[in-house]
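Data first, discussion second: the structure below is written as structure tokens.
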Amino acid sequence: MNDQGSRPGTHPSDSRNDSNAPQIPEDLAVEMRKLAHDLSNALEIIVQTSYLLSTTEMKEPASDWLRMLDGGVQKALDINITLRNYIKAHSST
């Protein structure tokens, strides 16, 4: 498979152990952490709203849309975690 994410050392989260990885300048790292935190807060609102919607009885196709929403939200959460890990691995604080 040629997907870069499947090779060791090519996925952002794999660089945690790479002592030669370039560091993000501190001012940029601070702003990136702030943005990642704000994204987490926004995603939490979507997660909770999705959960509340799942407690109601829905007809098709609304229940399909909710499943699609849940899948998209999970992907966004995973990307946000990867972003936060990357920032942590490439900054001094």
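The values are calculated or read from the model by the stated rules, or taken from the named source; none is laboratory data. As the structure is a computational prediction, the values presented were derived from the model and not from experiment. No Cβ is skipped: glycine too gets one built from the backbone with ideal geometry, and neighbour counts run over all protein chains shown. Only protein heavy atoms, including side chains, enter the accessible area calculation; ligands, DNA and RNA are left aside. Shrake-Rupley method; radii C 1.70, N 1.55, O 1.52, S 1.80 Å.
So MET58 fits all but one of (1) touching a residue at least 12 places away in the same chain (Cβ under 8 Å); (2) hydrophobic (A, V, I, L, M, F, W, C); (3) outside any helix (DSSP H, G or I); what number is the exception?
Of the numbered conditions (1) touching a residue at least 12 places away in the same chain (Cβ under 8 Å); (2) hydrophobic (A, V, I, L, M, F, W, C); (3) outside any helix (DSSP H, G or I), the odd one out for MET58 is (1).
Identify all residues within segment 45-93 that are farther than 24 Å from LEU28 by Cα, under 12 Å from the mean Cα position of the chain (by Cα) and open to solvent by 70 Å² or more (accessible area, probe 1.4 Å); write none if there are none.
Result: GLN74, LYS75.
Based on this model, can you work out whether SER54 counts as modelled with pLDDT under 95 and within 16 Å of ASN80 (Cβ to Cβ)?
no
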